[in-house]
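Structure first, then comments.
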Amino acid sequence: MFKFRNYQSEIIEKGRKALSKLRIIMLCMEVRTGKTLTALGIADSLKVKSVLFITTKKVIDSKTIVNDHELLSPNFEITLINYESIHKLETTKFDLVIVDESHKLGAFPKPSLRTKRIKELIGRKYTILLTGTPTPESYSQIYHQFFVSDYSPFEEDSFYKWARNYVNITQKKVSYGRMINDYSKAKVNLIKQKISKHLITYTQKEAGFKSKVVEKILTVKMKPSTYALAKKLEKDKVFKGENGGVILADTPVKLMQKMHQIYSGTVKLEDGTAKMFDKSKAEFIKSYFKCKKLAIFYKFKQELSLLEEVFNDDLTTDLEEFNSTNKSIALQVVSGREGISLSKADHLVFYNIDFSATSYWQSRDRLTTKEREKNEVFYIFSKGGLEEDIYKSVLNKKSYTTSHYERSRVSA
């Protein structure tokens, strides 16, 4: 018979009491501490009959929630759905809704479409928000997570009204010198006080984890032609290839994106096709980590094709195959950063780095287990590329933007 860990049982009882009274709680438990099982345990303790579990497609495909549900064998039926398919629900008659990776709802100042849909779905239902990183970039991300429930601890019915009370609103300069309101500087202590009754936290350290993340940066020199292409595009904002392919970078956002692609050896053309032209980073990874089982994160789709050409049959994109063979796995960082374990890998390797601070803080912890003492994470940066500047930004919990790019290139 399944038995919860002692700390899980304590959290379940605490969560049951809080949810019975408040109708919405946030279960903020770090990776590998068992937050999914704990959330299911809270639902079972409330004696509900039907639960909707909203998560990502990658997590559903990994079967972890199904396995946890079978292991617990609770007295409720569970329906799994990914964020993109909420509008396809045939019924909204659920007693309790679990929103996995709830920080996905944190966009501000305007709520995302998915946030609006989930709010329509939840209303007055019991709600458990699940996340290991509730505010990866700013405490202003907390508002829309609770906004989905009619029982939000915040009385304000819009972010703008909420910001007047909970944010030190300033102004910041964006592209072309335009000034806009900056809502990121939230009043952290005031927010913590307001949500304290709704928040249950638990860390890896409290659970007895001793795992330490060790990050290492390795720099690769790309082909001379790659640097020539980057220089040409940055100067002219357009590049026409001999075969008629066009790279257009006529806005700051497009220029930043194209430069980031080019420095890792691929680029998307104006007609929608993509080209790979420099395998230096992939070949370096294959040589440097010879005979090692890797979990490789890439950013742009064409980078997967490049990795597959270099690694051939030694690489998979299927989590089940990765776990049952000696093959390494390649995952796009945004889809692979949450809800899955890559602990079978010897090392985590970033072929490229994402602009998002959320991606950085979540993806780096995919190797963690209670038994593992050290997680080695390697970042493969091109010499003279954007990756190091992006790394410095996300390390400080700031997503990399065109403003960062323009400042970095002026000082380069």
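The values are calculated or read from the model by the stated rules, or taken from the named source; none is laboratory data. These numbers were taken from a predicted model, which means no experiment stands behind them. Quick reminder, even Gly has a Cβ in these numbers, built from the backbone with ideal geometry, and neighbours come from all protein chains shown. Ligands, DNA and RNA are stripped out before the accessible areas are found, and what is left, the full protein with its side chains, is counted by its heavy atoms. Shrake-Rupley method; radii C 1.70, N 1.55, O 1.52, S 1.80 Å.
Dipole magnitude for the range 74-137: computed about the Cα centre from +1 point charges on Lys and Arg Cβ and -1 point charges on Asp and Glu Cβ, it is near 340 debye. For the listed residue pairs K14/K161; K63/K398; K192/K397; K57/K172; K221/K397, the alpha carbons are over 26 angstrom apart in K14/K161; K63/K398; K57/K172; K221/K397.
Surface exposure of the range 118-190, expressed per residue as accessible area with a 1.4 Å probe, stands at 47 Å².
Taking all Cα-Cα distances within the range 222-374, those exceeding 27 Å account for 28%. Exposed loop sites are taken as GluC sites (Glu not before Pro) in a DSSP loop (any state but H, G, I, E or B) with at most 15 other beta carbon atoms within 10 Å; the longest stretch of the chain without one runs 271-370.
In a shell of Cβ-Cβ distance under 9 Å around L248, excluding L248 itself, what net charge do Lys and Arg (+1) and Asp and Glu (-1) give? Each step should come with its number before you reach the end.
Working: positive: K237, K254, K258; negative: D250, E270.
After counting each charged neighbour, the total is +1.
Just round it to a whole percent: the fraction of Cα-Cα distances in the range 270-360 exceeding 18 Å. It would help to have the intermediate numbers written out before the result.
Details: 1733 of 4095 pairs.
So the pairs more than 18 Å apart make up 42 percent of the total in the range 270-360.
Taking Rh as the Kirkwood radius computed over C-alpha pairs, what is the Stokes-Einstein D of the chain at 37 °C in a medium of viscosity 0.692 mPa s, expressed in µm² per second? The estimated diffusion coefficient comes to 143 µm²/s. Electrostatic tally near T325: other residues with Cβ closer than 12 Å to its Cβ, Lys and Arg +1, Asp and Glu -1, net -2.
Tell me, what is the per residue accessible area of the range 205-277 in Å², probe radius 1.4 Å?
Spelled out: the 1.4 Å probe surface of the range 205-277, per residue, equals 58 Å².
Restricting to the range 176-334, what percent of DSSP beta bridges are antiparallel, rounded to 5? Walk me through the numbers before you get to the answer.
On the way: 6 of 12 bridges.
DSSP beta bridges in the range 176-334 are roughly 50 percent antiparallel.
Over the chain, dividing the summed -39,500 (n - 2.57) contributions of all DSSP H runs of at least 4 residues by the number of residues returns a 222 nm mean residue ellipticity of -10500 deg cm²/dmol.
With the cut-off at 1.5 for a/c, could you classify the range 154-274 from its C-alpha gyration tensor as rounded, prolate or oblate? Could the numbers behind the result be given before it?
Values: a/c = 3.37, a/b = 1.67, b/c = 2.02.
Oblate shape, in that a/c is at least 1.5 and b/c is the bigger or equal ratio.
Rounded, prolate or oblate for the range 186-229? Axes are the square roots of the Cα gyration tensor eigenvalues, ordered a ≥ b ≥ c, and the cut-off for rounded is a/c under 1.5.
Working: a/c = 6.09, a/b = 2.06, b/c = 2.95.
Verdict is oblate for the range 186-229.
Only Cα sites of the range 1-106 enter the Debye sum here, all with the same form factor; the resulting log10 I(q)/I(0) across q = 0.14, 0.17 1/Å is -0.53, -0.81, listed in q order. Roughly what % of DSSP beta bridges within the chain run antiparallel, to the nearest 5? Just about 20 percent of them are antiparallel. Would you tally the net charge around G123, using a Cβ to Cβ cut-off of less than 15 Å, leaving G123 out, and scoring K and R as +1, D and E as -1? Summing Lys and Arg as +1 and Asp and Glu as -1 gives +3.
Exactly which chymotrypsin sites (Phe, Trp or Tyr not before Pro) in the range 241-288 are in a DSSP loop and have at most 13 other Cβ atoms within 10 Å? Before the final figure, lay out the partial values.
Working: sites: Y263, F277, F284, Y288; in loops: Y263, F277.
Of the chymotrypsin sites (Phe, Trp or Tyr not before Pro), not one in the loops of the range 241-288 has a Cβ with at most 13 other Cβ atoms within 10 Å.
Per the Debye formula on identical point scatterers at the alpha carbon atoms of the range 75-155, with no solvent, log10 I(q)/I(0) at q = 0.23, 0.26 Å⁻¹ is -1.18, -1.47.
Using the Cα centre of the chain as the reference point, and only Cβ charges (+1 on K/R, -1 on D/E), how large is the resulting charge dipole? Debye, rounded to the nearest 20. Don't jump to the answer; show the numbers that get you there.
Values: 71 positive and 49 negative charges, 255 e Å.
Magnitude of the dipole: close to 1220 debye.
What residue among G177, V66, N312 has its Cα farthest toward the positive end of the dipole of the chain, where the charges are +1 on Lys, Arg and -1 on Asp, Glu, each on the Cβ? Checked the options; the winner is G177. When only alpha carbons are used to place a centre, the range 256-293 and the range 26-43 end up 37 Å from one another. Look at the dipole of the range 28-177 built from charges on Cβ: of V97, G123, V51, the Cα furthest out on the positive end belongs to G123. Computed over protein heavy atoms with a 1.4 Å probe, the carbon and sulfur contribution to the accessible area of the range 51-190 reaches 48%. For the chain, the relative contact order works out to 15 percent when only alpha carbon pairs closer than 8 Å and six or more residues apart are counted.
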